[in-house]
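What follows is a short report on a single structure.
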Amino acid sequence: MPKIAAIALLAAVALAAQPPATGAAPGSVPDWIADAPGRDARPDDDGLMLRQHLALTLGADGRVVRRSETAVKMLEEWVSRHGYFDPRIDWNDARSEMRVEQARTYMKDGTVRDAKENSLVANTAPELQWAVPYAYLRQMVVPQVGVEHGATSVLAYTVSDRSPSGVPLWGTVELRGDLPVLDQSLTIEVPEGTPFRWGAVRARLTPETAPRGGSVSTTFRRRDVPAASLAELPSGRAGVERLVYSTARSWPEARAWLEKRVEAAIAPDASVKAKAEEIAGGSALPEERISRVHGFVVDGLQTVAWPVAAFDYAVRPASEVLKSSVGHPLDKAVLLAAMLRALGLEARIALAASEREIARDVPCLPQLDEVWVEVRSGPHAVWLDPAAGLDRRNRASLAGRAVLRLDGASEAPETQPELDPLSNRAVLRAEIAAAASDREVGLSGSADLDLGGLYNPLVAFDRSEDRETPVAARVASAFGGAKAKDVFVGHRSAELSAIRTTIAGGSLPFAPSGLARLTLPRVPGAISGAALQVHRGKRTLPLVLPAPASETVEVVLDLGEGIDVAALPAEATISNGAGSLARTVRRDGRQLTLRTEFVLSGAVVEPERYADLRALVSTLESEGGRTVLLRRRE
């Protein structure tokens with residue numbers, strides 16, 4: 001997904017580029033650029049953001065003007081990887097016009113180079129090129145020229161509403177990035193008497209408020225803002241410091257504003273009703289009807305992977321979305337809700353935050369960046385992501401997140417119940433018989449799986465697919481490539497699936513040394529050190545996990561005649577600020593019981609606790625902790 005600056009989420013534009021300036025002689029460089037520190041003074045930085053200025057002005061007539069100026073100094077060529085010298089500007093051309101005021105590079109010797117006029121051309125972002133209904137979203141990639149070590153590139157542009165949009169002035173601004181910022185300034189100006197709220201997430205800001213000719217401006221200034229290691233963050237840049245602002249008076253006002261747009265679009269017409277009945281078929285089960293319609297919207301319509309706030313929450317009627325076979329998440333949610341209502345089901349749209357932490361006192365819809373549909377099935381609610389299957393995204397995915405229902409009554413976002421290690425768990429228990437032959441150790445037996453919460457792969461209703469077999473097959477294959485036989489589902493629900501399988505045909509070849517190696521399995525969907533970036537020696541930002549979790553693996557190994565143990569995993573017990581790990585090994589005659597219990601106690605690991613997490617995961621994944629060596633018994 002493109003890196004869309006939060007300052008441009010509500011921007012809109014028609015292109016008007018300033019003619020390029022001619023090259024200037026040395027000595028015309030502004031003092032704030034000429035006097036900026038260089039490589040010698042900042043040996044650990046790839047580059048510097050000398051200036052990051054943003055000004056948002058809401059006029060008395062309701063039009064919004066956004067002015068942005070950034071200046072980046074290259075200290076190492078690596079900084080070019082982050083796109084600072086080919087910056088993107090995104091805007092909504094149906095609402096606003098955009099003008100590049102300056103795209104200039106001050107070279108090391110003082111020469112001034114401007115971007116060529118014929119290179120400042122508006123285009124359609126690759127993600128939108130096949131989405132004709134959204135052609136009004138435009139993008140410009142500004143190719144800075146003259147970039148070299150020690151050069152500073154300045155980009156200034158303005159986005160101005162052509163007429164009042166009726167959209168509240170709201171949004172989020174990221175406050176830290178890959179580069180240190182020497183001079184950061186954010187100003188928001190609104191007419192006197194206009195409600196204005198702001199909040200900071202993971203940051204401390206001190207506002208400066210001042211009257212200005214019938215308006216009130218609020219400015220946030222910071223100097224020497226350290227860089228954030230964005231590589232530490234999950235996709236979507238979740239976890240970065242940000243400012244949240246809004247001119248909406250309250251959450252009910254913000255909710256009602258969006259409901260007015262959405263409800264008119266949801267009303268199903270004849271084409272939507274006919275398609276809903278066609279997809280649902282002859283099924284009388286509400287769960288199956290929901291599953292079929294949801295599957296059609298997910299797979300039958302292409303998803304525009306673009307923030308819905310960038311569209312100003314504009315939605316098309318459900319019939320148009322159906323006809324076009326493409327939609328952004330809110331449009332797809334409109335169609336999904338319309339089809340479900342056409343089947344007589346109670347369905348409503350909700351917005352949810354992808355981040356655990358939001359500015360709750362600020363009624364700002366853009367910080368609720370996910371779209372869901374809640375549908376009632378009897379006494380239960382089913383949560384549907386219009387862009388993802390239920391097995392991949394479901395109610396468990398919303399645990400601990402803020403959700404605002406468009407139900408005509410919600411007063412504020414509500415935090416969904418958190419998962420805990422008991423509900424978000426995976427348990428694997430295998431009983432395996434080992435029998436020796438001249439060349440190998442044969443393995444057979446059975447395995448039981450209990451998968452709950454985010455580990456549960458069998459949430460969706462589906463008559464046609466044998467989805468439990470691949471899960472069982474992955475477990476069986478860990479035992480010398482064995483096959484899963486007689487797979488049986490003992491329980492299946494949104495909260496928990498219980499699977500049992502027999503295991504047959506596994507083999508561990510004897511090496512010339514006479515040893516055979518068995519690597520103990522992990523649970524399906526196991527937490528991995530790679531995903532947690534345990535290769536990092538330290539972190540500078542919190543690690544936000546989907547939820548607390550627990551994983552238990554118990555293998556009971558019956559040793560047949562002619563087999564003995566050469567080496568066993570070392571027992572281990574760890575309990576620290578990130579969770580716990582207990583590995584036990586018990587031998588009773590010819591029977592071995594090897595058990596590992598791993599618990600992540602919290603959803604957020606602060607930087608100072610990262611060493612604790614590394615200790616847990618490194619011990620969990622260590623080769624010696626999962627290896628059993630068997631040998632021929634003489």
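Here, each number is a calculation from the coordinates, and none is a lab measurement. Since we're looking at a predicted model, the values are computed, not measured. Here the Cβ is made from the backbone with ideal geometry for all residues, glycine too, and neighbour counts use every protein chain on show.
Taking other Cβ atoms within 10 Å as a rough exposure proxy, S217, S119 sort from fewest to most as S119, S217. Packing around the peptides 485-491, 254-260, taken as the average count of other Cβ atoms within 10 Å per residue, puts them in this order, highest first: 254-260, 485-491. Each residue in K273, K116 was given a count of other beta-carbon atoms within 10 angstrom of its own, and listing them fewest first yields K116, K273.
Neighbours of V628, meaning other residues whose beta-carbon lies under 12 angstrom from its beta-carbon, give a summed charge of +2 when Lys and Arg score +1 and Asp and Glu score -1. Against the longest principal axis of the chain, how steep is helix 251-266, in degrees 0 to 90 to the nearest 10, with axes from Cα atoms? Here the helix axis deviates by roughly 80 degrees.
Amide H contacts of G171 (H built 1.01 Å from N, in plane; Pro and chain starts excluded): Y245 sit under 5 Å, all sequence-distant by 5 or more or on other chains.
Please report the antiparallel percentage of DSSP beta bridges with both residues in region 6-247, rounded to the nearest 5.
Percentage antiparallel, nearest 5: 85.
Going by the alpha-carbon gyration tensor, a ≥ b ≥ c the square roots of its eigenvalues, is the chain rounded (a/c under 1.5) or, if a/c is not under 1.5, prolate (a/b greater than b/c) versus oblate? Intermediate values should be presented prior to the final figure.
Numbers: a/c = 2.39, a/b = 1.50, b/c = 1.59.
It is oblate, given that a/c is not under 1.5 and a/b is not larger than b/c.
Summary value for the chain: 10 percent relative contact order, contacts being C-alpha pairs under 8 angstrom separated by 6+ residues. Per residue of the chain, the DSSP helices (runs of n ≥ 4 H) give a summed -39500 (n - 2.57) that works out to -4500 deg cm²/dmol at 222 nm.
Remind me, relative contact order of region 6-247 in percent, using alpha carbon pairs under 8 angstrom and six or more residues apart?
26
Can you give the FRET efficiency for L285 and A582, using 1/(1 + (r/R0)^6), R0 = 45 Å, r = Cβ-Cβ distance, to the nearest 0.05? Working from the Cβ atoms, E equals 0.55. Size descriptors for region 205-259: radius of gyration and Dmax over Cα atoms are 16.5, 44 Å. Calculate log10 I(q)/I(0) of region 253-415 for q = 0.17, 0.20 Å⁻¹, where I(q) comes from the Debye formula with a single equal point scatterer on each Cα and nothing for solvent. Values returned for q = 0.17, 0.20 Å⁻¹ are -0.97, -1.36.
Taking a Cβ cut-off of under 10 Å around A125, the surrounding Lys, Arg, Asp and Glu residues balance to a net charge of 0, with basic ones at +1 and acidic ones at -1.
Each residue of region 100-106 is assigned a 3J(HN,Hα), and the resulting list reads 7, 8, 7, 9, 10, 10, 9 Hz, derived from the Karplus form 6.51 cos²θ - 1.76 cosθ + 1.60 (θ = phi - 60°), x at Gly and Pro. To the nearest ten degrees, helix 270-280 and the longest principal axis of the Cα atoms of the chain are 20 degrees apart. For V441, the amide hydrogen comes within under 5 Å of the amide hydrogens of L508, F510, counting only partners 5 or more places away or on other chains and with H modelled in the peptide plane. The calculated P(r) of region 348-390, using every Cα pair and 10 Å bins from 0, goes 25, 46, 26, 4 in percent. Using only Cα atoms and rounding to the nearest 10 degrees, what angle (0 to 90) does helix 468-477 make with the longest principal axis of the chain? So the inclination is approximately 60 degrees.
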